[in-house]
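See below for the structure under consideration.
The values are calculated or read from the model by the stated rules, or taken from the named source; none is laboratory data. Just so we're clear, the structure is a prediction, and the values are computed from it rather than from any experiment. Cβ placement follows ideal geometry from the backbone for every residue including glycine, while neighbour counts extend to all protein chains displayed.
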Amino acid sequence: MTDLLAQGKIASACTVVQFAAPVHGEVSLTDLMQSLRQQGEAVNRGDLRAAESMLNAQAVALNAIFGELARRAAAHMGGNIRAAETYLRLALKAQSQSRATVETLAAIKNPPVVFARQANIAHGPQQVNNGAPAHPGQSVSEPNEVFEEASHARPQLDAAATPATSRAHSQLEPMEASHRPAHG
């Protein structure tokens, strides 16, 4: 029981039971705990289908909330501007949450892959992948061999870079009178 409490499954199940009861009636806490356990095991195996399905349903529900709140805001535009503003603010929050939910779903389906060649580990923990694919079966593009040869030989100059201006050693600068040869 203490493990279930520490994992948060009981608190989550109790929350679902409380919020589902007005619409769906009594829900068995035992059955719900069993379902949560099975879903947790699926996630541990890497099967995120239930989570993906839930996020998709939430995005659709949030979009429906956005639509209804936007409709109510429009209905109050000519009269009660405070109500219109409140409804519109809530509509935009629902729209933002719907977008964030879709972005989360996209990140689960296509996780970002970052490859680092060098890491400064003096500033806390960092991950260095050095060309290894993040996911099995994905290919990694190799560096350009010409670039590799050139970079190992000596530092390359950037021909397109604008040089810093300096008065030191300027060949075009006129000489001061004290630096000119004496005329006899």
Count of residues meeting criterion [loosely packed, with under 14 Cβ neighbours inside 10 Å and either more than 12 Å from the chain's Cα centre (by Cα) or free of Cβ contacts under 8 Å to residues at least 60 places away in the same chain (or both)] in the stretch 101-115: 10
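Could you tell me whether residue 56 is surrounded by 13 or more Cβ atoms within 10 Å (Cβ to Cβ), within 30 Å of residue 4 (Cβ to Cβ) and within 26 Å of the chain's Cα centre (by Cα)? It would help to see each step written out before you state the result.
Numbers: surrounded by 13 or more Cβ atoms within 10 Å (Cβ to Cβ): yes; within 30 Å of residue 4 (Cβ to Cβ): yes; within 26 Å of the chain's Cα centre (by Cα): yes.
In short, yes.
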Considering the stretch 92-129 alone, what residues qualify as being out of contact with any His (no Cβ under 8 Å at 6 or more places or on another chain), outside any helix (DSSP H, G or I) and at pLDDT 65 or above? 110, 112, 114, 115, 116, 117, 118
Which of the numbered conditions does residue 61 fail, given that it passes all the others? Conditions: (1) closer than 18 Å to residue 15 by Cβ; (2) loosely packed, with under 14 Cβ neighbours inside 10 Å; (3) small (Gly, Ala, Ser). (2)
Would you confirm whether any residue within the stretch 48-56 is more than 25 Å from residue 109 (Cα to Cα) and free of Cβ contacts under 8 Å to residues at least 24 places away in the same chain? no
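Answer with yes or no whether residue 43 is assigned to a helix (DSSP H, G or I), surrounded by 16 or more Cβ atoms within 10 Å (Cβ to Cβ) and modelled with pLDDT of 90 or more. First the steps, then the outcome.
Details: assigned to a helix (DSSP H, G or I): yes; surrounded by 16 or more Cβ atoms within 10 Å (Cβ to Cβ): no; modelled with pLDDT of 90 or more: yes.
Considered against the rule, which asks whether it is assigned to a helix (DSSP H, G or I), surrounded by 16 or more Cβ atoms within 10 Å (Cβ to Cβ) and modelled with pLDDT of 90 or more, residue 43 comes out as no.
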Go through (1) exposed (fewer than 10 other Cβ atoms within 10 Å of the Cβ); (2) within 32 Å of the chain's Cα centre (by Cα); (3) acidic (Asp, Glu) and name the single condition residue 85 misses. (1)
